[in-house]
Amino acid sequence: MSSQLSQPLLDGQIEPDEAEAPPPPASNNAARAPPVVLTPTYNTDHNAAESGITGILKSSSHPGALAWLYVLRIAAVGWYLFSGFVTRNYVLSSVLVVVLLSMDFWNARNVAGRRLVGLRFWNQVDEDGASYWVFECRDPSRPANPIDSRMFWIAIYVFPLLWFALLIVSLLRLKVEFVPIVILALVFNCTNAIGFTYADRDAKLRAANSLTSGWGLGGLSSLGGIGGQLLSGAVQKSVGRVFGA
């Protein structure tokens, strides 16, 4: 019994594993894979399309008003320049230009200005016969769309310069019959430019005054007589300069 137990039970039944050959050393001459560099890609076609007229109209809060503002202004200039290729009738050409200018003047003052930048202006005559300008602006807490504002002011200031250039060309070419039309276009465009400029300044001044009154600066004038009035006026002027008024 003891001789049987002295012999291991598993002796001669389990063989040792074969030693694995070590991996060959890496050769310095072996070709190495080039590193992969990830670079961001941009859809340039999409960005180019979005930055054009379609992108401007998509970014606009009132694309219809913005489109009609430029359509009427470009139509008036285009018909004035190229009407000679369509008809030789001077009266017909002049009437169509005047109609387009009148539509543009009314649209810019009553529709485009109110919707795009929240500004309106008109001339009012009171019972005593005195004439004065009235400016209207939207609530300062509702700012205009930046795209609408930028495109509106471009149209307001660029087209008067364009008509002025056409006036100079008419004078140099001695086209006297076209001078009255260009002068009428300048009157319409400059009236809108001046009116909206003053309306914008009036709106910024009102915003500055409401801001100073909201800070309680209106009571500074009652603190120290002349000194308080000077201090209150200086604060209001400084706030007005910040707002561009």
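Looking only at residues that are over 17 Å from V97 (Cα atoms) and of a type in the set (A, V, I, L, M) in the range 169-197, which one is nearest to the chain's Cα centre (by Cα)? Outline the logic, then answer.
Initial filter on the range 169-197 (over 17 Å from V97 (Cα atoms)): 169, 171-174, 191-197.
This time we only want the ones that are of a type in the set (A, V, I, L, M), so: 169, 171-172, 174, 193-194.
Working: V169: 32, L171: 36, L172: 36, L174: 39, A193: 18, I194: 20 Å.
The qualifying residue nearest to the chain's Cα centre (by Cα) is A193.
Given the criteria at pLDDT below 85, more than 33 Å from the chain's Cα centre (by Cα) and part of a helix (DSSP H, G or I), does G227 qualify?
Values: at pLDDT below 85: yes; more than 33 Å from the chain's Cα centre (by Cα): yes; part of a helix (DSSP H, G or I): yes.
Here the answer is yes, as G227 does meet what is asked.
What helices (runs of 4 or more DSSP H), lying completely within the range 1-104, carry at least 1 residues that are under 20 Å from F159 (Cα atoms) and at pLDDT 60 or above? Even if it seems obvious, please write down each step before you answer.
Details: elements: 2-6, 44-50, 53-59, 63-82.
It comes to 53-59, 63-82.
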Among the residues of the range 128-144, which ones are farther than 23 Å from F105 by Cβ and surrounded by 15 or more Cβ atoms within 10 Å (Cβ to Cβ)?
P140
Taking the residues in the range 147-167 that are without any contact (Cβ under 8 Å) to a residue 60 or more places away in the chain and of a type in the set (G, A, S) as candidates, determine which candidate is surrounded by the most Cβ atoms within 10 Å (Cβ to Cβ).
S149
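Looking at the range 114-125, which of the residues that are hydrophobic (A, V, I, L, M, F, W, C) and under 26 Å from P143 (Cβ atoms) is surrounded by the fewest Cβ atoms within 10 Å (Cβ to Cβ)? I'd like the intermediate steps shown before the answer.
Taking the range 114-125 and keeping what is hydrophobic (A, V, I, L, M, F, W, C), we get 116-117, 119, 121-122, 125.
Narrowing further to those that are under 26 Å from P143 (Cβ atoms): 116-117, 119, 121-122.
Working: L116: 25, V117: 24, L119: 24, F121: 21, W122: 12.
Taking the candidates together, the pick is W122.
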Across (1) touching a residue at least 12 places away in the same chain (Cβ under 8 Å); (2) within 19 Å of the chain's Cα centre (by Cα), S141 clears everything bar (1)
Among residues of the range 69-113, those that are surrounded by fewer than 19 Cβ atoms within 10 Å (Cβ to Cβ), under 19 Å from the mean Cα position of the chain (by Cα) and touching a residue at least 12 places away in the same chain (Cβ under 8 Å), counted
2
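The values are calculated or read from the model by the stated rules, or taken from the named source; none is laboratory data. Quick caveat, the model's predicted, so the values are computed rather than measured. Cβ sites come from the backbone with ideal geometry, for glycine too, and all protein chains shown count toward neighbours.
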